[in-house]
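I have placed the structure first, in the form of structure tokens, so that the comments after it can refer back to it.
The values are calculated or read from the model by the stated rules, or taken from the named source; none is laboratory data. Predicted model only: the values in this text are computed from it and were never measured. Here the Cβ positions follow ideal geometry from the backbone for every residue, glycine too, while neighbour counts run over all protein chains shown.
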Amino acid sequence: MFSADIQEIFGSHFELPELGPLGGHGLANARDFEFPIASFDIDQSPWEIVYKLGGKLWSCKQNHTPFDVVAYHGNYIPYKYDLEKFISVGSITKDHIDPSIFCVLTAKSKNSSAPLTDFLVFKPRWDVATNTYRPPYYHRNASSEFLGLIYGGFAGRSDDFAPGGASYECGHVAHGLSYEVFKEATEMELRPVRISEGTVVFMMESSLMFTLTDYAMKRSGKLHVHNPNMWDNLDAQFLKHTDSVDRNLKSHGLPGIKKD
């Protein structure tokens, strides 16, 4: 038995992202995508063919295998890609780079400034940024995020985020890690470390909103909802430095932030 996640898009096709300053190679290299070759399979047993048309699933029966192709001519074929071949990039100085650097494939939308969807992967890599809060910062992004854990562990998303599970972050909703993770990240020695060892996580990120099915929300029996109280113990770190900030502002002839 196995499970899989499927993303179906309309009006566009997946393609490799523009590499920009990376140049001609990096992230998912074209040479690592694999395509089938024509091969005649002798099998006259009954087969049921299931396909999708007009948003509905249909099926038909035939008395031979569909894999009896002697030759093929065309420019639209299925392909596969081993996510472990992805070349991760990141900051080697400071700051937290946008997760778009983990993009494997992208599908364009009608809006040139926002893709229809990006397919990303997070896998073992080095984290070396200095003078930096290394985990994803607290933010409210415009895109919708659907994450799936293929294997390993992914701390901070959910205490029930097990392999085969998924996590959804709705667009325009603030999110971030727990105070415990924040505290550890702000107090740790910032030396080069390996992160996400033994873990592969994928993300489907879209500029559009997602609709969750009734099955997922009510009938699956697997729904895990975050308790919003998990963020109640977050401290407003800026408030601990208002005196020094006030002095610094006034030394530059600017009004202070504290009321007299």
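Residues that are under 25 Å from Ile195 (Cβ atoms), modelled with pLDDT under 90 and out of contact with any helix residue (DSSP H, G or I) (no Cβ under 6 Å at 6 or more places or on another chain): does the stretch 142-154 have at least one? The answer is yes, given that some residue of the stretch 142-154 is under 25 Å from Ile195 (Cβ atoms), modelled with pLDDT under 90 and out of contact with any helix residue (DSSP H, G or I) (no Cβ under 6 Å at 6 or more places or on another chain).
Out of curiosity, is Asp243 over 30 Å from Val104 (Cβ atoms), outside any helix (DSSP H, G or I) and either more than 21 Å from the chain's Cα centre (by Cα) or at pLDDT 90 or above (or both)? In short, no.
Quick check on the stretch 160-185: of everything there that is crowded, with 16+ Cβ neighbours inside 10 Å and among the aromatic types (Phe, Trp, Tyr), which residue is modelled with the lowest pLDDT? Here the residue is Phe161.
Number of residues in the stretch 195-204 that are crowded, with 17+ Cβ neighbours inside 10 Å and part of a loop (DSSP other than H, G, I, E, B): the value is 2.
Using the structure shown, decide if Phe119 is in contact with a Cys (Cβ under 8 Å, 6 or more places away or on another chain), aromatic (Phe, Trp, Tyr), at pLDDT 90 or above and surrounded by 13 or more Cβ atoms within 10 Å (Cβ to Cβ). Yes. Considering each residue of the stretch 205-212 in turn, at least one proves to be outside any helix (DSSP H, G or I), of a type in the set (Phe, Trp, Tyr) and either assigned by TED's automatic domain parsing to the domain that holds Tyr151 or touching a residue at least 40 places away in the same chain (Cβ under 8 Å) (or both).
For the stretch 178-192, the candidate set comprises residues that are in contact (Cβ under 8 Å) with a residue 24 or more places away in the chain and not hydroxyl-bearing (Ser, Thr, Tyr); within that set, the residue that is nearest to Asn131 (Cα to Cα) is Leu190. What's the total number of residues in the stretch 1-53 that are in contact with a strand residue (DSSP E or B) (Cβ under 6 Å, 6 or more places away or on another chain), on the phi > 0 side of the Ramachandran plot and without any contact (Cβ under 8 Å) to a residue 60 or more places away in the chain? The total comes to 0.
Here is a yes/no grid of residues against (1) in the same structural domain as Thr106 (by TED's automatic domain parsing); (2) touching a residue at least 24 places away in the same chain (Cβ under 8 Å):
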position: Ser144; (1), (2): yes, yes
position: Gly176; (1), (2): yes, yes
position: Arg194; (1), (2): yes, yes
position: Tyr215; (1), (2): yes, no
position: Asp235; (1), (2): no, yes
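Of Ser113, Ser109, all but one fail to be touching a residue at least 24 places away in the same chain (Cβ under 8 Å) and either in the same structural domain as Glu197 (by TED's automatic domain parsing) or within 18 Å of the chain's Cα centre (by Cα) (or both); the exception is Ser109. Anything in the stretch 239-260 that is in contact with a helix residue (DSSP H, G or I) (Cβ under 8 Å, 6 or more places away or on another chain) and either among the basic types (Lys, Arg) or under 24 Å from Ser178 (Cβ atoms) (or both)? List them, or say none. If the condition is that a residue be in contact with a helix residue (DSSP H, G or I) (Cβ under 8 Å, 6 or more places away or on another chain) and either among the basic types (Lys, Arg) or under 24 Å from Ser178 (Cβ atoms) (or both), then Lys258 is the only one that fits. Filtering the stretch 213-238 to residues that are under 23 Å from the mean Cα position of the chain (by Cα), within 26 Å of Val181 (Cβ to Cβ) and in a helix (DSSP H, G or I) leaves Pro228, Met230, Trp231. The set of residues from the stretch 36-72 being closer than 30 Å to Asp118 by Cβ, at pLDDT below 90 and aromatic (Phe, Trp, Tyr) comprises just one member, Tyr72.
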